[in-house]
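Worksheet for the structure shown next.
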Amino acid sequence: MRARIQRIRSIMPKQYTPKPRRAAAPSTGGKQRWTEADRRKRDERAPRGDRPARAFQDRPARPAKGERPNWEPRPARSARPARDDRAPRSEDRAPRREWRDRPARQERVERPARADRPRVEDRAARPFAEDVVLERLEATAIAADATDGMAFSDLGLGDNIVRQLASMGASEPFPIQAATIPVALAGRDVLGRGRTGSGKTIAFGAPVVERLLRMRRDAKGRAMGRAPRAMILAPTRELAQQIDRTVQPIARSVGLFTIAIVGGVPYQKQVTGLRRGVDIVIGTPGRIADLVEKGELDLASIAITVLDEADHMCDLGFLEPVQELLRMTPAGGQRLLYSATLDTGVAALVEEFLEDPAVHEVEGEDQASSTITHRVLMIDASAKRDVVRELVASTSRSIVFTRTRAFAEDVAEGLMISGVPATSLHGDLNQARRNRNLQLLTRGEVRSLVATDVAARGIHVDDVDLVIQADMPDDHKTYLHRSGRTGRAGAHGTVITLISPSRRRRLEELLRNAGIEAEWEDRATTRPRSDRPRPERAERPARRDRFTPEEFAEFQAWKAERDQLRNKGESAS
């Protein structure tokens, strides 16, 4: 028993014994404790009863209620001003409207009978946004075969530039290059119109480099921190970077330097390049204007200004920024404007900044001489993603254009899920991702690029076999630039536009404005309401009244007799 008790005690917790508290150290700060001297002073105070009582009888007596003064005596009711004599209130300044003099309501116009109303087929179609076709500028045309046997050296370019162009694969000039390079080297203002993929970048890039090289021979040379002497403006970041990739090797071959100034990237790298000194600035109007405002870019030495896709910059609302930048450059400088759809939309720029420009285009640049095949597929809207997937899977490299950024992401994700390598390109992506996704298509790591119209102009990717327009463009200019992503430099390509049957009339007008004839294929299973055969509606029988006058009179007599008998029964009861 004793052993059991000890075992129980061994497993039980030991009793807590509190440790003795240490004596508190005397406090030197904070509230002091009372001392004996304080208590003594408190005890020596006079008792409360010996203090003199406070008397309140010496206060002045409060007057009675009836004797209180009336500070604001009110006049008698009869002495008050009448209601009509009061000053008019702010809301009563205008005369009150009398509804009695309101003209009588006109008689209600009777609606026409249902049979006289216009049928759905006879009603006017709902108007779409008008596709404005501006007048084309008059130009001197050069024949497409006029460059046979011609070399770049025959146009006045130096040997270093010619060798560099040959290394880039441009051994012979294209027609637009042969027409504009000699004029640009002569120092004249130039307006050049050529279809996409016709070599417009070299047409203005090579003469700009050659002219700057000739100017440098008479100048001090390559001084550190020198101001640029040429400026090339483009509407989009991708196009500006594409121009820089083409012009930079040509400039480096003669010892000149270029810099790309676009938005979406940090300022510091661009500012550092400008402080070191450059010869050609290539960029978008917005970022160039920002650097000019910050004092990092000086346009006082610009001798040559190039506007690529000038009409598109005007369409995007860049007309005023471009005009401000051109006004900062010295008067009398050379201006070069190039585009695939050059029309009177750039008339404001031409009239203000160009002096006696030479306008050139290539003769016979129509569909007959083109290497692009145009097709239109009419499909159901619900089948669009499946059709895009089917078309992309049948080609090695393609570009799909959409109207919205969300749809571009949706289509690209659907292609990846189905096993087709694809990526997207649109304005919601930062510049680093946009460049990376474009390089994925260029290197062949993806088979399709799904993009909005940011990739419709100036983007050059080799061997693009197919361009799919999942969403129809808004105007004929956008159609031409989208289709120009294929069939570049004489290669063959195909453009397929997907529409629903209800959009056929709109697309026919757009193709007519663009001067294109397309092959149509109908795969749709549904039709718009206006195209459905509508059966003739049978005439309704004439409406008949419920009673004839004789039957209604007989009914009234029976009702009166019934009420009379009912009243007699109630009185008898």
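Counting other beta carbons within 10 Å of each Cβ, put Met215, Met313, Met472, Met224 in order, fewest first.
Met224, Met215, Met472, Met313
For each of Thr147, Thr35, Thr258, Thr442, count neighbouring Cβ atoms within 10 Å of the residue's Cβ, then give the residues from fewest to most.
So the ranking, lowest neighbour count to highest, is Thr35, Thr442, Thr147, Thr258.
Note the full-extension length gain between Ala491 and Ala166 as 0.36 nm times their separation in residues minus their Cα-Cα distance, in nm to one decimal.
Gain on extension, Ala491 to Ala166, equals 115.1 nm.
Putting +1 on Lys and Arg Cβ atoms and -1 on Asp and Glu Cβ atoms, find which of Leu299, Gly333, Ala203 reaches farthest to the positive end of the dipole of the stretch 140-362.
My answer, from the dipole projection, is Leu299.
Roughly how many nanometres apart are two label points built 7 Å out from the Cα toward the Cβ at Gln431 and Thr395?
That separation, rounded to one decimal, is 3.0 nm.
For Arg214 and Asp148 in one chain, what is 0.36 nm times their gap in residues minus the Cα-Cα distance, to one decimal in nm?
Result for the pair: 20.9 nm of gain on full extension.
Every number in this text was worked out from the coordinates using simple rules, so none of it is lab data. None of the values given here were measured: they were computed from a predicted structure. Don't worry about glycine lacking a Cβ; one is built from the backbone with ideal geometry, like all the others, and counts go over all protein chains shown.
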